[in-house]
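A short write-up of the structure that comes next.
The values are calculated or read from the model by the stated rules, or taken from the named source; none is laboratory data. In this text the structure is predicted, and so the values were computed from the model without any measurement. Cβ placement follows ideal geometry from the backbone for every residue including glycine, while neighbour counts extend to all protein chains displayed. Remember, those area values only see protein heavy atoms, side chains included, never the ligands or the DNA or RNA. Shrake-Rupley method; radii C 1.70, N 1.55, O 1.52, S 1.80 Å.
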Amino acid sequence: VVEGTGHMGVGSIVGLDNAAVAKLLGLEVVLVCEGGLGSAFDELSLNLAVCAAQGVKVRCVVLNRVQPAKVEMMRDYLGRALGRIGVPLAGLVPTEPFLAAPSMGDFAKLLGQRLISGEEHVLRHCGGVQFVTCSVRRFEERLAEGEYSDRLLVVHGSRLGILEACLRHHAQTGEIRGG
């Protein structure tokens, strides 16, 4: 399996696009395209044309990030459209925000650091990053309201009161909120 980058034309500026690489390696292609009806088929048409120009066989198509409410409609419409040109639709991957959310381990790796505690949370996903710049009182209110739920909190080292508020909240509730 060789994973390409972007669409089939990527690399054409240097005369070595993804389709040319597949041809050089003697590989067939599985096209992975964004899930949207008109735009998906437009993108597929361009990718198929690039593959055809290089004589590369497209084995099948997978649609990525399809809106969950549109999975069956997309399977029907795109399946029929691809069937007309002899390329099977292998599957659809619904949009899942969780898959795009970084984990605590991802942040540690990005920052070149290790977790100094809470190793059991290394795979815990964060819904976003929140820089804490408010007063301790306001932070405690927001924390109690759940505003920081599933967030990685970034706190300046001089903000000891914020760190103490997190520890108090955890001691009182047992919840780990805000990363």
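Please calculate how many Å² of accessible area the chain carries per residue, with a 1.4 Å probe and no DNA, RNA or ligand atoms counted.
Values: 11500 Å² over 179 residues.
That works out to 64 Å² for each residue.
The share of alpha-carbon pairs in region 120-166 lying farther apart than 14 Å comes to 50%.
Taken over the C-alpha atoms, region 75-115 has Rg and Dmax values of 18.8, 53 angstrom. Each part reduced to its alpha carbon centroid, region 1-75 and region 150-165 end up 45 Å apart.
Which percent, to the nearest 5, of DSSP beta bridges fully inside the chain are antiparallel?
On the way: 1 of 16 bridges.
Approximately 5 percent, going by the DSSP bridge assignments.
Figure legend: label point modelled 7 angstrom from the Cα of D42 along Cα→Cβ; residues of region 73-117 with amide N under 17 Å from it are 78.
Within region 48-65, whose backbone N sits under 14 Å from a point 7 Å along Cα→Cβ of T95? Of the residues in region 48-65, 64-65 have backbone N under 14 Å from the label point off T95.
Mind ranking F131, F98, F41, F107 by accessible surface for me, highest first, 1.4 Å probe?
On the way: F131 135, F98 110, F41 60, F107 35 Å².
The most accessible residue leads, giving F131, F98, F41, F107.
Using a 1.4 angstrom probe on heavy atoms only, work out the carbon and sulfur share of the accessible area of the chain in %. Display every interim value, and only then the final one.
Working: 6670 of 11500 Å².
That share works out to 58 percent.
Electrostatic bookkeeping for G26 treats Lys and Arg as +1 and Asp and Glu as -1; over the other residues with beta carbon under 15 Å from its beta carbon, the sum is +2.
Given the convex hull of the Cα atoms of region 100-179, what is a quarter of its surface area in nm²?
Orientation-averaged projected area of the Cα hull: 5.3 nm².
When all protein chains stay in place and ligands, DNA and RNA are ignored, the 1.4 Å accessible-area order of I116, I162, I85, largest first, is I116, I85, I162.
For region 18-157, count all C-alpha to C-alpha pairs, find those more than 19 Å apart, and express that count as a whole percent of the total. Tail of the P(r) past 19 Å holds 65 percent of the pairs. Normalising the average separation of contacting C-alpha pairs (under 8 angstrom, six or more residues apart) by the number of residues puts the relative contact order of region 26-179 at 16 percent. On the basis of the beta-carbon distance and an R0 of 35 Å, R142 and V62 show a calculated FRET efficiency of 0.25. Between R114 and Y77, the distance separating the two model label sites (each 7 Å from Cα on the Cα→Cβ line) works out to 5.1 nm.
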